[in-house]
Amino acid sequence: MKTIVLPLNEAAVKALKVGEVVLLQGKIVTARDRAHKWLYETFIGKKTPPSPEDLVAYERIKMCLAGGAIYHCGPIVKESKDGWEVIAAGPTTSEREEPYEAPIMQHFSVRAVIGKGGMGKGTLRACQEVPAVYLHAVGGAAVVAAKKVKRVLEVFKLNFGMPEAMWVFEVEDFPAIVTMDAQGESLHEEVFRHSEALFCKLISG
Amino acid sequence: MELIRLTATDLPGDVEEALRQAWEREEEGSPAKSALMTILENVKMARKDSLPLCQDTGVATFYVTLPHRLPSGPVVDLIRKAVREATRLSYLRPNAVDSLTEVNTSDNVGGETFPVLEFAYHEKPSIVVDLLLKGGGCENVSAQYTLPDMSLKAERDMEGVKKSILHAVFRAQGNGCPPGIVGVAVGGDRAKGYGAAKKALLRKIGEKPEKEEVAIWEEEIRKEANRLGIGPMGFGGRTTLLGVHLDFLHRHPASFFVSVSYMCWACRRRRLIWEGERGAFV
């Protein structure tokens, strides 16, 4: 098990290999479907002009993401008088963000994308170029993950709704496994190819 | 409310036992084994602390069976009230999004689909409520096949049904949070097929279907799916499916649908039986 502290530098990210178990320390930012679309369309594709409030959020998000981590997660968060409390925070399926992830990684210099199910060729290429890694958390293990969130530091775009807002978590020993690395290796591609061959054999048999 | 709390926080024993057996089968030191270990630990923590075991509490789907002549209106009101309360108390994540305005209603109540309510009637005096919480990730990888499908060499027979199910499991890879359970409906129209496939998930793992031949098919399909090697979380491994539950519906001669409802490992279901003044959870 390897401890990695966020933000990550280039050498540290290049040293990570598929199959390695890591424990994350530091800041991670949740982003799922609406957040990805918003980030891409407003600040990269420039399809929609940003509101003044968007511009303020953008500057903060840029700081959090430089060398940092995006977490595909729509948590359950409870508001109390002491602030936000994270109740459940497992990963959501990453492949839906495939159309946006590579440009977002490039634009914000994101060094780690955390999620589940793996991602496609565009993200894998971005992992080599940025460089960055894809980290797989255990899907459904939301209580285990929530216990590793020590504090909610900030939240952006709460008007997207609780699951779709961008929550900035401070995590301690957040467990994940490297399944796509900066050398272009992907466990998901390997499992896909292997199961594809077996599937073809089963249906032709 | 208690039905919702229990369903969201306390994984049924049969599912937990199936996961434990899957954990035993995986290779020592493999990512698959460690994922299952985390899953089992998570199940215990969620139960102990009464916390939703997965943050995606899905679309709450209630199957309500009422005595004949009892109106459903008061039950609808009661369930919606309980859903709002369970959301306020963080047992459910607010998931109801207006597709036109993109606004999240924040209380899991919205139109006819949040929560989903299905009513049936029986001759007994009891009220039976089955609740199923199924997340969006596994719902997204559910699929419907129209046989014959020559891209899969699937004809209108049990071999064709099997190929369709294996294709759904293969295509899902790790995205439906395996090891999962598939509910399958053969026949029906498109809408009823998906509905029955989802309802088949209410059956316990290991509970045999009525017909012996169906039990044999279920077992065969489960074994073949596990040979695909997708494994827990799609990390590669020995267990991709914990169970296959088949249901057969009458169909139009022109149509032969195979509807596959993929359920993640977190198969959260509970039954409440209300008789006289007392309710019991099964």
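For the Cα trace of chain B, dividing Rg by the Kirkwood Rh returns an Rg/Rh value of 0.97.
So the label point goes 7 Å from the Cα of residue B:252 along Cα→C-beta, right? Which residues of region B:193-232 then have their backbone N under 19 Å from it? What the label zone holds, given the 19 Å backbone N cut-off, is B:193-197. Among residues other than residue B:36 with Cβ under 15 Å from its Cβ, the summed charge is -1 (Lys and Arg +1, Asp and Glu -1). Here the simple spin-label model places points 7 Å from the Cα toward Cβ, and for residue B:210 and residue B:81 these points are separated by 3.7 nm.
With N counted as the residues of chain A, its alpha-carbon radius of gyration over 2.2 N^0.38 Å works out to 1.02. Nearest 5 is fine: what % of DSSP beta bridges in region B:156-259 come out antiparallel, could you say? In region B:156-259, approximately 20 percent of DSSP beta bridges are antiparallel ones.
Going 7 Å from the Cα of residue A:47 in the Cα-to-Cβ direction, what parts of region A:106-123 have a backbone nitrogen less than 19 Å from that spot? Taking a point 7 Å out along Cα→Cβ of residue A:47, the residues of region A:106-123 whose backbone N falls under 19 Å are A:106-108, A:122-123. Based on the reciprocal of the average 1/r between different C-alpha atoms, the Kirkwood radius for region B:29-123 equals 15.7 Å.
Modelled spin labels at residue B:24 and residue B:275, positioned 7 Å past Cα toward Cβ, are 3.4 nm from each other.
Between B:216, B:181, B:205, the residue with the greatest mean-square fluctuation in the GNM of chain B (Cα pairs under 10 Å linked by springs) is B:216. Using a Gaussian network model on chain B with a 10 Å cutoff between Cα atoms, which of B:180, B:236, B:135 fluctuates the most? The residue with the greatest mean-square fluctuation here is B:236. Here is the short version for chain B: B:54, B:267 have no other Cys C-beta closer than 4.7 Å. Charge tally for residue B:208 (other residues, Cβ to Cβ under 12 Å; Lys, Arg +1; Asp, Glu -1): -3.
Each part reduced to its alpha carbon centroid, region B:1-50 and region B:90-166 end up 22 Å apart.
Counting charges near residue A:72 (Lys, Arg +1; Asp, Glu -1) among other residues having Cβ under 13 Å from its Cβ returns a value of -3.
Across the cross-link table entries A:201/B:162; B:124/B:211; A:81/A:157; B:134/B:199; A:17/A:121; B:162/B:223, which are compared at the Cα atoms, the separations over 19 Å belong to B:124/B:211; A:81/A:157. Starting from the Cα of residue B:223, step 7 Å toward the Cβ, then list every residue of region A:174-205 with an amide N under 13 Å from that point. Label zone hits: none.
Overall, chain A carries a charge dipole of about 80 debye about its Cα centre when +1 sits on the Cβ of Lys and Arg and -1 on the Cβ of Asp and Glu, all other atoms neutral. What share of the DSSP beta bridges in chain B is antiparallel, in percent to the nearest 5? Rounded to the nearest five, the antiparallel share is 70 percent.
Under the combined filter of DSSP loop state and at most 14 neighbouring Cβ atoms within 10 Å, region B:1-87 retains these GluC sites (Glu not before Pro): B:27, B:28.
Extension gain for residue A:121 to residue A:193 (0.36 nm times residue separation, less C-alpha to C-alpha distance): 24.5 nm.
For residue B:153, list the aspartates and glutamates whose Cα falls under 18 Å from its own Cα; do not include residues on the same chain fewer than 8 positions away. List returned: A:196, B:224. Legend: calculated FRET efficiency, residue B:37 to residue A:153, from the Cβ-Cβ distance at R0 = 30 Å, rounded to 0.05, equals 0.50.
The percentage of C-alpha pairs in region B:116-217 whose separation is greater than 21 Å is 44%. Normalised by 2.2 N^0.38 Å, with N the number of residues, the alpha-carbon radius of gyration of region A:87-165 equals 1.16. Counting only residues at least eight positions apart within a chain, or on another chain, the aspartates and glutamates with an alpha carbon under 18 Å from that of residue A:150 are A:79, A:82, A:85, A:170, A:172, A:173, B:49.
The Rg/Rh ratio for the protein assembly as shown, using Cα coordinates for both the radius of gyration and the Kirkwood hydrodynamic radius, is 0.97.
Every read-out reported here was derived from the displayed coordinates using simple, explicitly stated rules and does not represent laboratory data. The structure presented is a predicted model; accordingly, all values stated were derived computationally and were not measured. Because the Cβ atoms are built from the backbone with ideal geometry, glycine has one as well, and the counts that use them run over all protein chains shown.
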